[in-house]
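Taking it in order: structure first as structure tokens, then the write-up.
The values are calculated or read from the model by the stated rules, or taken from the named source; none is laboratory data. Nothing here was measured: the structure is a model prediction, and the numbers come from that model. Every residue, glycine as well, gets a Cβ built from its backbone with ideal geometry; the counts of neighbours run over all protein chains shown.
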Amino acid sequence: RHSLRAHAHAHGLVYGSAVRVHDLLTLPEYARLLSEQCGIVVPSSELKWVALRPSRDRYDFTQGDALLAFAHHNHMEMRGHTLCWHNSVPDWIKTDQNRPDTRQLFIDHITTVCRHYAGRLQSWDVVNEAILPSDGRTDGLRKSFWFEQMGPGYIDLAFHTARAADPNVLLTYNDYGVEFDDKEDAERRRLILELLRGMKQRNVPLDAVGIQSHVKAGQPYGFGKGLADYMESIRQMGLQVFLTELDVNEDDLAYNDVEKRDAAIAKIYSDYLQVALASPAVKAVLTWGITDRFTWLNDGPTHHRKQPNRPQRSLPFDSDFKPKPAYFAVRDSFDHR
Ligand code: G3I
């Protein structure tokens with residue numbers, strides 16, 4: 001088989017994709033592509049607080065369960081994403097006038113969700129994107145809702161709670177902005193490693209680190225020693241590495257020619273994976289979507305895009321589910337491992 005799934009598997013990796021469950025359930029052709037190419041899937045937003053908790057007293061597992069059924073039917077694994085993220089706090093928590101103990105709400109949520117999927121997931125992104133240097137703290141912690149409510153201890157608490165509810169799932173800390181050899185990413189790497197070291201010292205149950213891998217084409221800097229050293233530090237802590245949200249933002253490419261853009265995008269995939277897959281700590285590679293038909297980079301308001309009229313070609317398959325140079329770049333990178 002010439003699938004990414006098979007090529008990854010042959011080199012000790014699992015390959016997969018983020019999935020919007022609605023797309024999967026409404027488009028059989030898309031379901032077929034996923035089942036051919038993926039050994040693992042992750043729901044892109046269906047397990048976040050906002051989706052799971054329409055109200056304080058309701059948990060809606062319908063979408064997550066549907067993806068898990070699809071995954072198991074096709075002999076795939078599934079990741080959980082995410083138990084704690086600053087960007088998915090339901091309004092009902094924030095606006096609740098007589099807010100009961102947020103800490104208890106947090107513990108109850110993580111316990112309920114982890115128990116629901118206990119024994120059935122490959123890993124959980126327990127805490128997502130906790131570091132934000134520009135918030136000005138010396139430990140780099142983001143001043144998120146969870147942080148403001150509970151202080152820095154919310155991170156350890158999330159991991160302990162998850163472990164108690166599902167003893168075997170791999171518990172992951174997931175973050176972005178560590179891929180490039182520039183000053184900004186170097187600072188983020190330093191702060192994340194400091195966080196991870198502290199957690200290890202305090203015996204917090206932590207198994208893996210997610211490197212989101214939202215990378216960009218057309219940048220002046222590349223991938224190299226910074227990323228390699230970062231992965232080696234993680235490996236030395238006894239942790240696995242998952243590339244959890246790989247895609248290539250091509251907004252900065254100055255030319256419109258599709259062939260040229262596809263070649264540039266493919267080269268970024270190759271360059272990135274050449275450095276990343278050199279680390280034996282890397283066990284899984286997931287792209288954030290698999291087809292350009294469904295990429296968050298083309299979603300919603302385009303205010304963050306420099307080229308609003310040029311849909312991005314960020315993923316291995318085009319919007320008609322045909323493999324692009326990026327697909328072959330990823331496949332070859334697996335083969336060179
Ligand atoms: O499903 C509802 C639909 O019923 C409703 O009509 C519609 C109206 O807005 O919203 C739909 O939900 C949207 C959901 O995506 C479905 O795809 C949410 O509004 C929208 O906020 C949500 O966006 C997701 C975003 O995270 C926020 O959760 C993106 O798909 C997802 O790709 C993105 O993923 C994040 C990772 O979790 C963390 N790292 C960065 C990455 C990209 O931003």
- Task: Of the numbered conditions (1) within 16 Å of the ligand (Cβ to nearest atom); (2) within 15 Å of Thr287 (Cα to Cα); (3) in contact with a Gly (Cβ under 8 Å, 6 or more places away or on another chain), Gly39 fails exactly one; give the number of that condition.
- Result: (1)
- Query: Within the range 288-302, can one find any residue that is over 23 Å from Asp125 (Cβ atoms) and modelled with pLDDT of 95 or more?
  - Reply: yes
- Scan Thr62, Thr82 and give me the residue that is out of contact with any strand residue (DSSP E or B) (no Cβ under 9 Å at 6 or more places or on another chain), within 12 Å of the ligand (Cβ to nearest atom) and modelled with pLDDT of 95 or more. Thr62
- Message: For the structure I just gave you, tell me whether Val21 is of a type in the set (A, V, I, L, M), within 14 Å of the ligand (Cβ to nearest atom), modelled with pLDDT of 95 or more and touching an Asp or Glu at 6+ places or on another chain (Cβ under 7 Å).
- Response: yes
- Go over the candidates Lys183, Lys200 one by one and state the one that is under 20 Å from Ser279 (Cβ atoms), among the basic types (Lys, Arg) and either more than 16 Å from the ligand (Cβ to nearest atom) or crowded, with 16+ Cβ neighbours inside 10 Å (or both). Lys200
- Any idea how many residues of the range 116-138 are away from the ligand (no atom under 14 Å from the Cβ) and either among the aromatic types (Phe, Trp, Tyr) or in a loop (DSSP other than H, G, I, E, B) (or both)? 9
- Message: If I ask for residues that are among the hydrophobic types (A, V, I, L, M, F, W, C) and buried (at least 16 other Cβ atoms within 10 Å of the Cβ), which ones from the range 62-74 would you list?
- Response: Ala66, Leu67, Leu68, Phe70, Ala71
- Task: Of the numbered conditions (1) modelled with pLDDT of 95 or more; (2) under 25 Å from Ala18 (Cβ atoms), Gly218 fails exactly one; give the number of that condition.
- Result: (1)
- Residue by residue through the range 161-180, note down the ones that are crowded, with 16+ Cβ neighbours inside 10 Å, away from the ligand (no atom under 16 Å from the Cβ) and within 25 Å of Arg235 (Cβ to Cβ). Ala162, Arg163, Asp166, Val169, Leu170, Leu171, Phe180
- Query: Given (1) crowded, with 20+ Cβ neighbours inside 10 Å; (2) within 15 Å of the ligand (Cβ to nearest atom); (3) under 21 Å from Gln212 (Cα atoms), where does Leu52 come up short, assuming only one miss?
  - Reply: (3)
- Item | Lone qualifier among Leu243, Leu315, Leu297 - being assigned to a strand (DSSP E or B), surrounded by 14 or more Cβ atoms within 10 Å (Cβ to Cβ) and either within 16 Å of the ligand (Cβ to nearest atom) or not acidic (Asp, Glu) (or both) | Leu243
- Quickly run through the range 306-337 and pick out the residues that are touching a strand residue (DSSP E or B) at 6+ places or on another chain (Cβ under 9 Å) and under 12 Å from Thr295 (Cβ atoms). Gln312, Arg313, Ser314, Leu315, Pro316, Phe317, Asp318, Ser319, Ala326
- Could you tell me which residue of the range 203-228 is nearest to Ala281 (Cα to Cα), considering only residues that are surrounded by fewer than 17 Cβ atoms within 10 Å (Cβ to Cβ) and without any contact (Cβ under 8 Å) to a residue 40 or more places away in the chain? Asn203
- Keeping to the range 181-224, report how many residues are among the charged types (D, E, K, R), in a helix (DSSP H, G or I) and in contact with a strand residue (DSSP E or B) (Cβ under 8 Å, 6 or more places away or on another chain). 1
- Query: Residues Glu46, Glu77: which one is within 27 Å of Ile290 (Cα to Cα), surrounded by 12 or more Cβ atoms within 10 Å (Cβ to Cβ), modelled with pLDDT of 95 or more and more than 16 Å from the ligand (Cβ to nearest atom)?
  - Reply: Glu77
- Message: I'd like to check something: does the range 72-94 contain any residue that is under 30 Å from Met150 (Cβ atoms), part of a strand (DSSP E or B) and without any contact (Cβ under 8 Å) to a residue 12 or more places away in the chain?
- Response: no
